[in-house]
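Colleague: Structure in structure tokens, see below.
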Amino acid sequence: MASKKKTVTDGQTLRIGSRVRCTDDGVTGRIIWANGVSVKVKWDDGEQVTWRRDSLATRPIEIMDAEAEGEAATPETAAPEIAPVAATPAEAPEPTTSVAEAATAQTTAAETPAEAPAKPAKKMSCLDAAAKVLAEAGQPMTTQEMIDAMATKGYWSSPGGKTPSATLYSAILRELGKGDASRFMKTERGKFTRKA
């Protein structure tokens, strides 16, 4: 019975999405990009390497068939064929897949919902957090009291500024200059409240 694992040899057809294994340390990976000159492999440990196609025969890697790993060919792994590996660049035939088609296949695989990274929640600005704290308090507060309440409730904390209360004070004064569009109202010296 023939082995399903093959070392990369001259004339072998490569596919984007093909599983590969490093014969030195056993780390597996996947071909994520290829053209007539180069091949890019993303290893399962996160490292990516780009090799010249004509040097693949000397690299310590082997191509693994999907059946050997127990994987069924899915739209993500079943990618278009790329030109065979040639001994020298002069002998390399024209690629069977255009660069645009290969890029489309790579983009389609990257856009699958399972692999899309979760977007971090948008952080609240200092002014928005101050408006929220004032609305919850229902009474006038100084900017230092607002800064402390924002940090305690987890709405906003200073990214390392030395005088966040002075910065907040200036920002509130700028917003007060907007007139009716302002969310704040000055009640007495150094104290602000939320407009109703």
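Colleague: Within a Cβ distance under 12 Å of GLU136, other residues only, what is the Lys/Arg minus Asp/Glu net charge? Display every interim value, and only then the final one.
Modeller: Numbers: positive: LYS132, LYS153, ARG194; negative: none.
Spelling it out: positives minus negatives among the neighbours equals +3.
Colleague: Here is the link list: LYS122/LYS186; LYS162/LYS191; LYS123/LYS162; LYS153/LYS178. Which ones come out longer than 24 Å on Cα distance?
Modeller: On the way: LYS122/LYS186 29 Å; LYS162/LYS191 21 Å; LYS123/LYS162 20 Å; LYS153/LYS178 28 Å.
Cα-Cα > 24 Å for LYS122/LYS186; LYS153/LYS178; rest within.
Colleague: Related question: Would you report the distance distribution of C-alpha pairs in region 126-194 as whole percents per 5 angstrom bin, up to the bin with the largest distance?
Modeller: In whole percents, the pair-distance histogram is 3, 19, 32, 27, 14, 5, 0.
A short reminder: the numbers here are calculations on the coordinates, not readings from a lab. Since the structure is predicted, the reported quantities are computational estimates derived from the model, not experimental observations. We place every Cβ from the backbone using ideal geometry, glycine too, and count neighbours over all the protein chains shown.
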